[in-house]
Amino acid sequence: MKIISLDRKSIKIKLATAFVITSIIPILLVNIIYYYNTSKLVQQNVESMTKANLEQTKVSLDVWMDSYEDILFQVYTDDYIVELVEKINGGEDVANNRKLLRKTLRGLFYTKDYVKSIAIITESGELAFYDQLTASTTQTSWLDSIALSQAELYEEISSDNKTHLFSTGEKVIFGSNSCYLFHIGHRIIDYRDVQKKCGIVIVSIDVKLLEEVCGTPAENGLNFIVDGSGYLVSCSNSNKVGKNVVAKCASEEEKAIVYQQIARETELFADRELSIYSVHDEKTGWEIIRATDQDELVQGLHVQQKMLGFIIFLSLLAVLLIMVSQVTRMTGSIKRVVEMMRKAGKGDLTVHVAYDERRPTEIEIIAEEFNSMMDKLKKSIEKQKNAEITALEAQINPHFLYNTLDTINWIAIDKDEYEISNMITTLARILRYGISDSNGIVKIKDEIDWLKQYIFLQQIRLKNTFECYIDVEPELMNLSIHKLLLQPFVENAILHGFEGVDRAHRLQMCMKREDDFIKIEIADNGCGISPEKVQEMNEGIFKKTDDKNHIGMENAITRLHMYYGQNVKVVIESEQGKGTAVRIWIPIAGGENIHEGSGN
């Protein structure tokens, strides 16, 4: 056997290469893909969270606006207010009615935070208001901060039954008080004549409400509001509130640039790269914008990636060192086993691989199997030597035996002992048939002829104490079968089956075709076998303590399975006191197609 050098095809190099291909490269690829997918996923999550933030801001804005419209509703639908306004329009005690109207407005003023002024302009042009920023009763704090005059304001609000929204104007300053205001207005409705114009009501609200709705600026983002005309409605810490910051017809890219600049003007986001997201509020017509800083997030990802890369490097280095150590130990164990194999190949059959507890289990099994094989090989060589001696002896003994029997036969004939002569001749034929190629293949007719001679000798030896009947279907005679398969079953019936039975002894054997099998049945009317032993024998169990009564049967059954494999079937049936039947099924195809040298 050729043993390939380990140096020629190094297991160590192959394992190291396989480790690099199956471990390091995939880990690096997985790391790159992981970083890419993580970055993309984080970006998607940031966008999702940003949009969710904008949607929540939008919902909050609508809720707050609805709550302030409730104040507006309470004013423009109040019958008492409508009555006072009608009196003012009619010129009835204008100063007193305006005073009463102011007192009524003051009662509604403190129902909501951030309300800075509630004003009513009548059809006759009179102005009645309650203003937190000024103590004046003739001039509001905010009217001059918007682009419309009082008359234009009245005309626009009274033109329909809708709530009108006016974006933040110039900063309102009265003494030490200053703030930005936005306004909502509605025409006053007299339900006795809903088409009649009698006046309008305007609620002025501090922009701090919108700053609260937008939320406090944080490291990761800033919310602000721009109206449909491009005016900045609300932005924390910005001096551009109330001013036009972007053209109404500007593109999305131009708007994004402007919005980034607005966010950068705050101290929190100065000189930072920002991403812009927006959502349109249908109720107010305003656009809610969120500027977010993702640089910090990206930098955090880079830091995590570096840490992950460093950990992977250390892990791979540790794994590589462990692998080199294990491979070195494993290849060393293999080399020691191979060295023993080489010595055995040179003829030293005494070699054994020493036990090593550090050796891998698989290699230890190989070493143990090698040692076992060497032991078996030595025993086999010893048996071969003994067989050669036995074969030399056998070349002499059969001829000596046949010649001696032939001499005795002629002496018997000379003395007219023809029965003895027949017995000697039959015995010589039986011995010649059995000794010559005992595992060979013969025709069934030859096996039956030999079996009849064997039974003839047994009948003479036992003084014809049993009868034997053999029935074989003629078409089976030329089929092939292995020699000496049936004799052990016949011998067992003759020697043990009839023991202790007083009635006439009878042995029957029949052979017939059954589908693709030869069915052979050997039956006797002897003493039978116990059910326990029958079950054991059918299960292939032949106990060694059985006085060797069934060793021949065990060997015969073993030979049957050896020759025909799983295709053969043997069934033993017996009833104590009535007899035993052995049924054998041999495949016909196997019998006809067995190679003539299979018994060699």
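Key figures for this structure:
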| quantity | calculated |
| --- | --- |
| Any hit, region 567-581, residues being closer than 27 Å to residue 524 by Cβ, modelled with pLDDT under 80 and either among the small types (Gly, Ala, Ser) or loosely packed, with under 15 Cβ neighbours inside 10 Å (or both) | no |
| Test for residue 156: is it assigned to a helix (DSSP H, G or I), surrounded by fewer than 17 Cβ atoms within 10 Å (Cβ to Cβ) and touching a strand residue (DSSP E or B) at 6+ places or on another chain (Cβ under 7 Å) | yes |
| Identity of the residue in region 161-211, in contact with a Ser or Thr (Cβ under 8 Å, 6 or more places away or on another chain), polar (S, T, N, Q) and assigned to a loop (DSSP other than H, G, I, E, B), that ends up farthest from residue 65 (Cα to Cα) | 168 |
| Test: residue 542 is at pLDDT 90 or above and among the aromatic types (Phe, Trp, Tyr) | no |
| Condition met for residue 306 (of a type in the set (Lys, Arg), part of a helix (DSSP H, G or I) and exposed (fewer than 15 other Cβ atoms within 10 Å of the Cβ)) | yes |
| Single residue of region 185-207 satisfying the filter (in contact with a strand residue (DSSP E or B) (Cβ under 9 Å, 6 or more places away or on another chain) and hydrophobic (A, V, I, L, M, F, W, C)) that is surrounded by the fewest Cβ atoms within 10 Å (Cβ to Cβ) | 198 |
| Residue among 103, 87, 116 that is over 60 Å from the mean Cα position of the chain (by Cα) and outside any helix (DSSP H, G or I) | 116 |
| Residue within region 174-184 that is crowded, with 21+ Cβ neighbours inside 10 Å and within 27 Å of residue 80 (Cα to Cα) present | yes |
| Among (1) under 46 Å from the mean Cα position of the chain (by Cα); (2) surrounded by 10 or more Cβ atoms within 10 Å (Cβ to Cβ), the one test that residue 358 misses | (2) |
| Matching entry among 29, 61, 41 (being part of a helix (DSSP H, G or I) and farther than 30 Å from residue 224 by Cβ) | 29 |
| Total residues in region 26-63, condition at pLDDT 75 or above, over 20 Å from residue 275 (Cα atoms) and surrounded by 13 or more Cβ atoms within 10 Å (Cβ to Cβ) | 3 |
| Residues being outside any strand (DSSP E or B) and in contact (Cβ under 8 Å) with a residue 60 or more places away in the chain - total across region 213-237 | 7 |
| Single condition residue 68 does not satisfy, out of (1) closer than 18 Å to residue 214 by Cα; (2) loosely packed, with under 15 Cβ neighbours inside 10 Å; (3) of a type in the set (Ser, Thr, Tyr); (4) at pLDDT 90 or above | (2) |
| Verdict on residue 263 being at pLDDT below 90 and surrounded by fewer than 16 Cβ atoms within 10 Å (Cβ to Cβ) | no |
| Unique match (being surrounded by fewer than 12 Cβ atoms within 10 Å (Cβ to Cβ), at pLDDT 75 or above, among the charged types (D, E, K, R) and part of a helix (DSSP H, G or I)) among 379, 385 | 379 |
| Check on residue 324, surrounded by 15 or more Cβ atoms within 10 Å (Cβ to Cβ), on the phi < 0 side of the Ramachandran plot and either out of contact with any strand residue (DSSP E or B) (no Cβ under 6 Å at 6 or more places or on another chain) or modelled with pLDDT of 80 or more (or both) | no |
| Subset of region 203-235 [more than 30 Å from residue 74 (Cα to Cα) and under 46 Å from the mean Cα position of the chain (by Cα)] | 217, 218, 219, 220, 221, 222, 223 |
| All positions within region 451-479 that are surrounded by 19 or more Cβ atoms within 10 Å (Cβ to Cβ) and either within 60 Å of the chain's Cα centre (by Cα) or of a type in the set (D, E, K, R) (or both) | none |
| Residue match in region 134-149 (condition: touching a His at 6+ places or on another chain (Cβ under 8 Å) and either free of Cβ contacts under 8 Å to residues at least 40 places away in the same chain or surrounded by 17 or more Cβ atoms within 10 Å (Cβ to Cβ) (or both)) | yes |
| Segments classed as helices (runs of 4 or more DSSP H), wholly inside region 406-520, with at least 2 members that are farther than 26 Å from residue 586 by Cα and modelled with pLDDT under 85 | 418-435, 444-461 |
| Residue in region 109-120 that is modelled with pLDDT under 85 and of a type in the set (Asp, Glu) present | no |
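The values are calculated or read from the model by the stated rules, or taken from the named source; none is laboratory data. A quick note: this is a predicted structure, and the numbers were derived from the prediction, not measured. Cβ coordinates were reconstructed from backbone atoms using ideal geometry, including for glycine residues, and neighbour counts include every protein chain displayed.
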